[in-house]
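Beneath this line is the structure, given in structure tokens, with notes to follow.
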């Protein structure tokens, strides 16, 4: 994708990291459920909860990207590359 990116920290990083840690724990909980032969519908409900939580994290990251990275790309005259990268990322995220 595009040119080399410089590392940067967004205002939402701490919140995203906390949410990902909760999701990680939730995944471990589902693993334990499967190991304990939990009912399939119960496992599927928990998987749906994780999927929703991941989508919420993705939305936070996308909003942060639009507010900061895309604005910076416009200011730096690199909008076309940034838009191309964003489109490719969204195509992958939505699938």
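So is residue 56 over 20 Å from residue 28 (Cα atoms), in contact (Cβ under 8 Å) with a residue 12 or more places away in the chain and surrounded by fewer than 15 Cβ atoms within 10 Å (Cβ to Cβ) or not? Give the derivation first.
Numbers: over 20 Å from residue 28 (Cα atoms): no; in contact (Cβ under 8 Å) with a residue 12 or more places away in the chain: yes; surrounded by fewer than 15 Cβ atoms within 10 Å (Cβ to Cβ): yes.
Against the criterion (over 20 Å from residue 28 (Cα atoms), in contact (Cβ under 8 Å) with a residue 12 or more places away in the chain and surrounded by fewer than 15 Cβ atoms within 10 Å (Cβ to Cβ)), residue 56 does not qualify.
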| From the options 77, 2, residue that is on the phi > 0 side of the Ramachandran plot, surrounded by 11 or more Cβ atoms within 10 Å (Cβ to Cβ) and either assigned to a loop (DSSP other than H, G, I, E, B) or modelled with pLDDT of 95 or more (or both) | 2
| query | What is the number of the single condition among (1) modelled with pLDDT under 95; (2) outside any helix (DSSP H, G or I); (3) surrounded by fewer than 11 Cβ atoms within 10 Å (Cβ to Cβ) that residue 14 does not meet? | reply | (2)
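The values are calculated or read from the model by the stated rules, or taken from the named source; none is laboratory data. A quick note: this is a predicted structure, and the numbers were derived from the prediction, not measured. With ideal geometry, Cβ positions are generated from the backbone for all residues, glycine too; neighbour counts draw on all protein chains shown.
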